Every structure is written in C-alpha cells, then in structure tokens.
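Note sheet for the following structure.
The values are calculated or read from the model by the stated rules, or taken from the named source; none is laboratory data. In this text the structure is predicted, and so the values were computed from the model without any measurement. Cβ placement follows ideal geometry from the backbone for every residue including glycine, while neighbour counts extend to all protein chains displayed. Accessible surface areas use protein heavy atoms only, side chains included; no ligands, DNA or RNA. Shrake-Rupley method; radii C 1.70, N 1.55, O 1.52, S 1.80 Å.
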Amino acid sequence: MNIRLVTDSSANIYPNHTPSVFYAPMKIVTSVKEYVDNDELNVVQMLSDLKAYKGKSSTACPSVEDWLNTFGDADIVYGACITSNLSGCYNAAMIAKAQYEEAHPDRKVFILDTLSTGPEMQLLLEKYDELIKKGLSFDEVVSGIQAYSKKTHLAFFLSSLDNFAKNGRVNPVIAKAIGVLGLRIVGKASDMGTLEPMHKVRGERKTLNQLFETMRLLGYKGGKVCLAHSYNEEAAENFKTMILDSYPDADISITLNRGLCCFYAEEGGLLCGFEE
Ligand code: X90
C-alpha cells in the first residue's frame, strides 16, 4: 500500500524532511516576477528584491494540478492545508481530491483544513506519520488527526502586518494601528483560522514573554513545540531556552520559514506551533 503525506509550502518542508512529505508550492507575485515557493527558491534574494520593489505584491495558492502532482500514484493520501479562511489552497486541494478519487475509485484522499499554517502544520504532519506507523485504518487515521488538531495551536509575533493588510487578509485599520516602527504584534491563529492580533510589544524580552504567556493561555503545559522563524534564529533559540527553563523535557524543534511564511511573517517574525 502506497501512502503519501502532502501539504502546501506554508508548512516549511525542506528536502530530506522526516517524515517524507510532498508539497504543493505557493507563489509570491509582483508585476515583474513570480516566485515559486519550491526547493529552488532563493528566499534571501526574494526578500531583498521585495524590499527594493515599490509596486504591488501578492500571493497565490497552488493549482488543482499542483495538488494532483503531490498525490503521485498513491493509494492513500493524507493532507494538511493552510487555513481555508485566508487562502484558496484547501479549496483547490478538495477539487484535486474529487478528481483523483473519481479517476481511481479504489484510492482515498483526506485533506485537513488546519485553520492554521506554518509550524502547526508541521506538528500535524508528524502526527499523521505516527498514526500511519501504528498501522491504523484510513478512518482511524482521519479521526486521530482530527482529534489531535483540536489540541494544537499557533501563536506568533510579527514585526509588521503590511503584507497581510495589502492583500486584504487583515483589517487595514488594525494593521495601521499596529504598524508603528519597533513594535511587534503578538497574536494567535483564531478558532476560525484567521489572524488574531492580541498585544503590541516593544523589545525582544517583552515580546518573548508575551508570546510565552499567550502559549500558556492557550493551554501549553510542556508538550511538543515547533518554532519557525523568518531569519531570526536568535529569537527562536532564546525562546526555546525560555520554554526549556519552565519545561526541561519539552520537545522543541526550530525551522526556517520558506517563501510564503517569510512574505507574510516578514523579516524577524517567529511562529510557534505547539500542543496543549
Ligand atoms: O492563497 C494564498 O495566496 C496564500 C495566503 C496565505 C495567507 C496567510 C499566510 C500566513 C503566514 C503568518 C503569521 C501567522 C498567521 C496565522 C493565521 C492563521 C504566516
């Protein structure tokens, strides 16, 4: 039985990722160039291009065909998608699922709308792998992942909401009120799968404290954590140390955001996916 895990590039999957995951790339688009968020993308170059570029920029989700490519010829496909409340990604994946199952009636696809993104998706993909390795049936894996996804969360800090506002993915009035130089926004993915800003903070120490406080409020008690930063390894390491001070046994990993998350989380941002 050929089983595949699939996701989109907002889950920050790199070559040789364990477990093995196939991903459909998002796109970052300007009037002069289209950046495909795949293994060939030079994110540093893209960010520096975008800094110099004064025009409009936006993003686009993978096409149905991109999704079908990730399915390959698997008998069973399990997927995790960025929140359907901010992207058409889930919708495209569900069309791909319908086409795939119609063309191959003996094959099955399940796509989870994670109502989140980035490192929370990474946790979900790792859980899928665990459930598959237990030898569970399709229905058992599906109910297992649905139960687990109710116990995982995403908290973050960002240094700007500009790209969210410009792309109509957060209220521009809120974005403007927050867009003061030097301030960071600490927030969470809401239960609806939207961005919920919660606090404005100045200074790294205060930011990390507020982020930790937010995690605790959401029920964090020492479970697994995935951190994903936009070229801010230092904050990620400091935050890891802060969590370990309170929970020495916590399993904490750190990854670098790929193109899509770097575009929205902007340079310096940190995303934190964790178990309750
Ligand atoms: O379809 C598309 O064009 C992609 C749109 C993606 C929009 C959201 C990207 C989020 C990246 C930023 C911080 C966390 C926000 C959490 C909200 C659920 C990560």
Which residue pairs have Cβ atoms under 7 Å apart, sit 6 or more places apart or on different chains, and have a first residue in region 182-202 that is β-branched (V, I, T) and a second that is assigned to a loop (DSSP other than H, G, I, E, B) and within 10 Å of the ligand (Cβ to nearest atom)?
-> I185/L161; T194/N85; T194/L86
Determine which member of the set G219, G268 is in a loop (DSSP other than H, G, I, E, B), modelled with pLDDT under 95 and either touching a His at 6+ places or on another chain (Cβ under 7 Å) or on the phi > 0 side of the Ramachandran plot (or both).
-> G268
Here are G168, G144: which of them is outside the structural domain of V186 (by TED's automatic domain parsing) and small (G, A, S)?
-> G144
Applying the selection to region 85-121, what residues are open to solvent by 50 Å² or more (accessible area, probe 1.4 Å) and under 22 Å from C226 (Cβ atoms)?
-> N85, Y90, L115
Among N171, N167, the single one that is more than 20 Å from L217 (Cα to Cα), in contact with a strand residue (DSSP E or B) (Cβ under 6 Å, 6 or more places away or on another chain) and of a type outside the set (D, E) is N167
Are there any pairs with C-beta distances below 6 angstrom linking a residue in region 79-91 that is assigned to a loop (DSSP other than H, G, I, E, B) to a residue that is open to solvent by less than 20 Å² (accessible area, probe 1.4 Å) and near the ligand (Cβ under 10 Å from one of its atoms), with the two at least 6 apart or on different chains, and if so which?
-> I82/D8; I82/S10; I82/C89; T83/S116; T83/G193; N85/G193
Kindly state which strands (runs of 3 or more DSSP E) lie completely within region 15-63 and contain at least 2 residues that are at pLDDT 95 or above, outside the structural domain of T117 (by TED's automatic domain parsing) and among the charged types (D, E, K, R).
-> none
Restrict the check to region 5-28 and report whether at least one residue is more than 15 Å from the chain's Cα centre (by Cα), surrounded by fewer than 22 Cβ atoms within 10 Å (Cβ to Cβ) and among the aliphatic types (A, V, I, L, M).
-> no
Looking only at residues in region 176-208 that are part of a helix (DSSP H, G or I) and over 17 Å from L271 (Cα atoms), which one is least open to solvent (accessible area, probe 1.4 Å)?
-> I178
All but one of (1) more than 10 Å from the ligand (Cβ to nearest atom); (2) under 21 Å from R258 (Cβ atoms) hold for D139, so report the exception by its number.
-> (2)
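For region 150-175, what are the residues that are touching a residue at least 40 places away in the same chain (Cβ under 8 Å), among the small types (G, A, S) and either over 19 Å from L208 (Cβ atoms) or in a loop (DSSP other than H, G, I, E, B) (or both)?
The answer is S159, S160.
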Could you pull out the residue among G203, G193, G219, G182 that is within 11 Å of the ligand (Cβ to nearest atom), small (G, A, S) and in the same structural domain as E237 (by TED's automatic domain parsing)?
-> G193
Give the number of residues within region 231-256 that are open to solvent by 70 Å² or more (accessible area, probe 1.4 Å) and under 22 Å from N12 (Cβ atoms).
-> 6
Going by the conditions given, is L124 more than 14 Å from F22 (Cβ to Cβ), at pLDDT 95 or above, open to solvent by 10 Å² or more (accessible area, probe 1.4 Å) and of a type in the set (A, V, I, L, M)?
-> no
